[in-house]
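The values are calculated or read from the model by the stated rules, or taken from the named source; none is laboratory data. Being a predicted model, the structure only gives us computed values, none of them experimental. All Cβ positions, glycine included, derive from the backbone under ideal geometry; neighbour counts span all protein chains shown.
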Amino acid sequence: GAGVSQSPRYKVAKRGQDVALRCDPISGHVSLFWYQQALGQGPEFLTYFQNEAQLDKSGLPSDRFFAERPEGSVSTLKIQRTQQEDSAVYLCASSLRWPNTEAFFGQGTRLTVV
Amino acid sequence: QQPVQSPQAVILREGEDAVINCSSSKALYSVHWYRQKHGEAPVFLMILLKGGEQKGHDKISASFNEKKQQSSLYLTASQLSYSGTYFCGTEIGGGGADGLTFGKGTHLIIQP
């Protein structure tokens, strides 16, 4: 497709489980972002890649969160030992080049930790 | 630091105008506006770069006051499809090494 694709759309995890969330950016987009969106809030920045380089991971809430983009295209956000407070929508966005251009968001993965 | 959006919510009749404001305590490099409908991805509306420019397309426009670190989104003759939550995202660095910091959003409801 032409847009940012995320999978799965929904994920239910038991507390303590590890999860992996996938993002397929728009083809050719160099920049890729992960955001976390709690219910009723705006997206919160987690991390940013330019090609395969992770330029900023200051928003990752703990060392349980890890993101990678090994070939500069698809990215995976991994959360280890999930906790209830990790429940949120995880949004991925990509941009042709950053800054100064628009970023396009995927529909997100809704993670529920029970 | 998170930008502050106002109002938090607004209800309009179709055809009325609306203004949504976004202000920051830090010097801004750019402001990005998005609209998000329930359960959907945020949709890009426009970007305003440092320089105080005003942009617009169709009946939606925006301004950026660099001195006041404020941006405003103007919705003219609102349509039912304008309903949703509007977010401003701000970029402070300008060096391209960080993402956007979003406000809490403004909920806009357009009634027929």
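For region A:53-88, give me the residue count where each residue is assigned to a helix (DSSP H, G or I) and either β-branched (Val, Ile, Thr) or surrounded by 14 or more Cβ atoms within 10 Å (Cβ to Cβ) (or both).
Total satisfying the criteria: 1.
Per-residue answers, yes or no, for (1) within 19 Å of A:TYR10 (Cα to Cα); (2) out of contact with any helix residue (DSSP H, G or I) (no Cβ under 8 Å at 6 or more places or on another chain); (3) small (Gly, Ala, Ser):
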| position | (1), (2), (3) |
| --- | --- |
| A:LEU39 | yes, yes, no |
| A:SER73 | no, yes, yes |
| A:GLN80 | yes, yes, no |
| A:GLY106 | yes, yes, yes |
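Do any strands (runs of 3 or more DSSP E) entirely within region B:32-85 hold 2 or more residues that are touching a residue at least 12 places away in the same chain (Cβ under 8 Å), and if so, which?
Passing ranges, in order: B:43-49, B:60-65, B:70-75.
Looking at the structure I just gave you, is A:ASP56 more than 10 Å from chain B (Cβ to nearest Cβ) and out of contact with any helix residue (DSSP H, G or I) (no Cβ under 7 Å at 6 or more places or on another chain)?
So A:ASP56 does not fit the description; no.
Would it be correct to say that B:ILE109 is more than 14 Å from the chain's Cα centre (by Cα) and within 24 Å of A:GLN37 (Cβ to Cβ)?
yes
Residue-wise test of (1) acidic (Asp, Glu); (2) under 13 Å from the mean Cα position of the chain (by Cα); (3) more than 9 Å from chain B (Cβ to nearest Cβ).
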position: A:VAL12; (1), (2), (3): no, no, yes
position: A:HIS29; (1), (2), (3): no, no, yes
position: A:GLN41; (1), (2), (3): no, no, no
position: A:PHE65; (1), (2), (3): no, yes, yes
position: A:LEU96; (1), (2), (3): no, no, yes
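Do we have any residue at all in region B:16-24 that's at pLDDT below 95 and surrounded by fewer than 18 Cβ atoms within 10 Å (Cβ to Cβ)?
no
Out of curiosity, is A:ASP24 among the charged types (D, E, K, R), in contact (Cβ under 8 Å) with a residue 40 or more places away in the chain, surrounded by 14 or more Cβ atoms within 10 Å (Cβ to Cβ) and within 22 Å of A:THR101 (Cα to Cα)?
Here the answer is yes, as A:ASP24 does meet what is asked.
In region B:86-112, how many residues are among the hydrophobic types (A, V, I, L, M, F, W, C), crowded, with 20+ Cβ neighbours inside 10 Å and not in a strand (DSSP E or B)?
The number of residues fulfilling the criteria is 1.
Among residues belonging to region A:89-114 that are in a strand (DSSP E or B) and among the aliphatic types (A, V, I, L, M), point out the one that is surrounded by the fewest Cβ atoms within 10 Å (Cβ to Cβ).
Among those residues, the one meeting the criterion is A:VAL113.
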